[in-house]
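What follows is a short report on a single structure.
The values are calculated or read from the model by the stated rules, or taken from the named source; none is laboratory data. Everything numeric in this text was worked out from a predicted model, so none of it was measured. Cβ placement follows ideal geometry from the backbone for every residue including glycine, while neighbour counts extend to all protein chains displayed.
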Amino acid sequence: MSRFVSHICALAVVAVCVVITPIAQASEDYMRIDEYLRLHPEERDTMDQFSELVRAPAIPVTAQLDRPVRIAVIYPGLQKSDYWRRSLTSFEHRLRSLKLPYELKSFLSRPSVDAALQRQQLSEALKWEPDYLVFTLDIAPQSRMIERLIARGKPKLILQNVTTPLIRWQKRQPFLYVGFDHAEGTKLMADWMLRKTDYSGEYLMLYFSPGYVSQMRGDTFANQAAKHPDIKQVAAFYTDGDRAKAYEATVRTLEKHPDIKMIFANSTDVALGALQALKEVNRTDILLNGWGGGDAELAVLSKQGLDVTVMRMNDDNGVAMAEAIKLDQQNEANRVPQIYSGDIVLLDNNQSAEEVQILKQRAFRLSELPLEAQ
């Protein structure tokens with residue numbers, strides 16, 4: 001069945017137009033972790049052992065390197081979510097704890113809308129001839145860039161915020177997929193939110209941009225909700241991860257559907273835009289989720305209007321990248337799994353401050369520490 005998604009575009013300061021475009025259900029281009037392990041059962045032990053390595057204290061590199069390892073990082077880090085900033089900080093902390101000599105160049109951009117800038121940044125990064133490139137995948141232009149890199153064979157590619165191998169890349173995959181399972185986290189929240197509504201009522205879907213995150217998060221929630229005949233999606237918008245667009249989409253939906261019971265937001269910035277709209281009309285009775293459990297979300301969890309989120313043990317993903325590079329430099333690449341998927345914990349509005357603090361200490365174990373100059 002087709003899903004109608006509204007695209008919001010600002011025409012002037014006070015004028016906004018909404019163009020409604022029908023799109024077909026996205027095809028399943030990705031291999032979920034359970035399916036990957038069914039096809040590659042030998043990977044389970046490798047993944048488990050690598051996860052233990054990530055949780056453990058750093059063991060310095062044993063190999064003697066001819067020169068520092070060159071690492072380029074291209075991140076859509078210009079957003080309210082602190083996921084990318086913390087990932088980069090924890091990555092560098094672990095590299096230093098491993099005594100791995102390195103040089104790093106980082107490039108930041110906005111999510112979804114800066115594809116041209118990312119192409120420019122990629123070109124600049126490749127001229128530097130890095131040994132490893134850390135990139136992400138969400139929108140179609142990124143996919144095309146990645147395919148050219150895979151065909152090129154170097155630098156070794158780490159795809160962050162992606163834990164589902166692409167089916168069409170089965171014969172030649174990136175060096176590592178690293179992040180947190182979007183579908184797993186979404187299912188945790190879907191179970192909580194649907195139970196809270198007694199499995200009935202209307203809801204608004206606020207997608208990210210057309211691409212991977214929307215498919216893994218938004219479509220997963222929609223599929224879970226569709227299992228219950230009394231749950232109805234009344235509107236859906238692509239927001240490009242933009243807070244203002246999420247705000248406007250929420251305002252318009254409330255005008256047409258004032259009886260909605262919940263909103264599913266696909267990212268931190270989207271959740272904060274929706275929350276702003278709900279607060280303005282005193283409708284914080286409507287269930288609203290976050291995604292990721294960073295500082296911006298934790299600040300508004302509970303009495304501030306956000307009802308539930310999933311908290312990534314954020315810094316583990318920076319540690320995993322550093323450990324993978326160390327193993328590779330020690331000629332132990334066979335110990336690096338194809339996928340590293342970090343731990344995710346559900347947080348709701350009844351969580352105590354003490355419980356949240358314990359989780360923060362675990363999730364931000366490195367990124368809260370100052371990064372001393374080398």
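Examine segment 252-265 for a residue that is basic (Lys, Arg), modelled with pLDDT under 95 and surrounded by fewer than 22 Cβ atoms within 10 Å (Cβ to Cβ), and state whether such a residue exists.
There is no residue in segment 252-265 that is basic (Lys, Arg), modelled with pLDDT under 95 and surrounded by fewer than 22 Cβ atoms within 10 Å (Cβ to Cβ).
Can you pull out the residues in segment 88-105 that are surrounded by 18 or more Cβ atoms within 10 Å (Cβ to Cβ) and either polar (S, T, N, Q) or within 29 Å of ARG243 (Cβ to Cβ) (or both)?
If the condition is that a residue be surrounded by 18 or more Cβ atoms within 10 Å (Cβ to Cβ) and either polar (S, T, N, Q) or within 29 Å of ARG243 (Cβ to Cβ) (or both), then LEU88, THR89, SER90, PHE91, GLU92 are the ones that fit.
For PHE135, work out the one condition from (1) farther than 20 Å from PRO174 by Cα; (2) not in a helix (DSSP H, G or I) it doesn't fulfil.
(1)
Out of curiosity, is VAL270 farther than 21 Å from MET189 by Cα and assigned to a helix (DSSP H, G or I)?
It is false that VAL270 is farther than 21 Å from MET189 by Cα and assigned to a helix (DSSP H, G or I).
Exactly one of these conditions fails for ASN282: (1) without any contact (Cβ under 8 Å) to a residue 12 or more places away in the chain; (2) crowded, with 23+ Cβ neighbours inside 10 Å. Give me its number.
(2)
Okay, residues lined up against (1) in contact with a Lys or Arg (Cβ under 9 Å, 6 or more places away or on another chain); (2) within 16 Å of ILE158 (Cβ to Cβ); (3) not in a strand (DSSP E or B):
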| residue | (1), (2), (3) |
| --- | --- |
| PRO41 | no, no, yes |
| ASP48 | no, no, yes |
| GLU52 | no, no, yes |
| ILE59 | yes, no, yes |
| ARG70 | yes, yes, no |
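In segment 317-363, which residues are more than 28 Å from LEU100 (Cα to Cα) and either surrounded by 20 or more Cβ atoms within 10 Å (Cβ to Cβ) or hydrophobic (A, V, I, L, M, F, W, C) (or both)?
Within segment 317-363, ILE344, VAL345, LEU346, LEU347, ALA353, VAL356, ILE358, LEU359 qualify.
Using beta carbons and a limit of 7 Å, which pairs, at least six apart or on different chains, have the first residue in segment 153-174 and closer than 16 Å to TYR75 by Cα and assigned by TED's automatic domain parsing to the domain that holds TYR132 and the second one in a loop (DSSP other than H, G, I, E, B) and at pLDDT 90 or above?
The qualifying pairs are LEU157/PRO174; LEU157/PHE175; ILE158/PRO174; ILE158/PHE175; LEU159/PRO174.
Within segment 194-219, track down each residue that is in a loop (DSSP other than H, G, I, E, B), aromatic (Phe, Trp, Tyr) and at pLDDT below 95.
Answer for segment 194-219, where residues must be in a loop (DSSP other than H, G, I, E, B), aromatic (Phe, Trp, Tyr) and at pLDDT below 95: just PHE208.
Are any of the residues in segment 340-352 hydrophobic (A, V, I, L, M, F, W, C) and over 21 Å from LYS187 (Cβ atoms)?
No - not one qualifying residue is present in segment 340-352.
Please go through (1) of a type in the set (S, T, N, Q); (2) more than 24 Å from TRP84 (Cβ to Cβ); (3) in contact with a helix residue (DSSP H, G or I) (Cβ under 6 Å, 6 or more places away or on another chain) for ASN223 and return the number of the only condition it doesn't satisfy.
(3)
Answer yes or no as to whether LEU133 is farther than 30 Å from ASP307 by Cβ, out of contact with any Lys or Arg (no Cβ under 6 Å at 6 or more places or on another chain) and touching a residue at least 40 places away in the same chain (Cβ under 8 Å).
When the stated conditions are applied, LEU133 passes them.
Would you confirm, using the coordinates I've provided, whether GLU248 is surrounded by fewer than 24 Cβ atoms within 10 Å (Cβ to Cβ), out of contact with any Pro (no Cβ under 8 Å at 6 or more places or on another chain) and either assigned to a helix (DSSP H, G or I) or in contact (Cβ under 8 Å) with a residue 40 or more places away in the chain (or both)?
Spelling it out, GLU248 is indeed surrounded by fewer than 24 Cβ atoms within 10 Å (Cβ to Cβ), out of contact with any Pro (no Cβ under 8 Å at 6 or more places or on another chain) and either assigned to a helix (DSSP H, G or I) or in contact (Cβ under 8 Å) with a residue 40 or more places away in the chain (or both).
Since GLN329 meets every condition but one in (1) over 19 Å from the mean Cα position of the chain (by Cα); (2) under 23 Å from PHE221 (Cα atoms), which condition does it not meet?
All conditions are met except number (2).
What pairs come up if the first residue lies in segment 179-193 and is more than 20 Å from TRP84 (Cβ to Cβ), the second is at pLDDT 95 or above and part of a helix (DSSP H, G or I), and their beta carbons are under 6 Å apart, counting only those six or more places apart or on different chains?
ALA183/THR220; ALA190/PHE221; ALA190/GLN224
Could you list, in sequence order, all residues of segment 140-198 that are surrounded by 14 or more Cβ atoms within 10 Å (Cβ to Cβ), of a type in the set (Gly, Ala, Ser) and over 17 Å from ARG119 (Cα atoms)?
GLY179, ALA183, GLY185, ALA190
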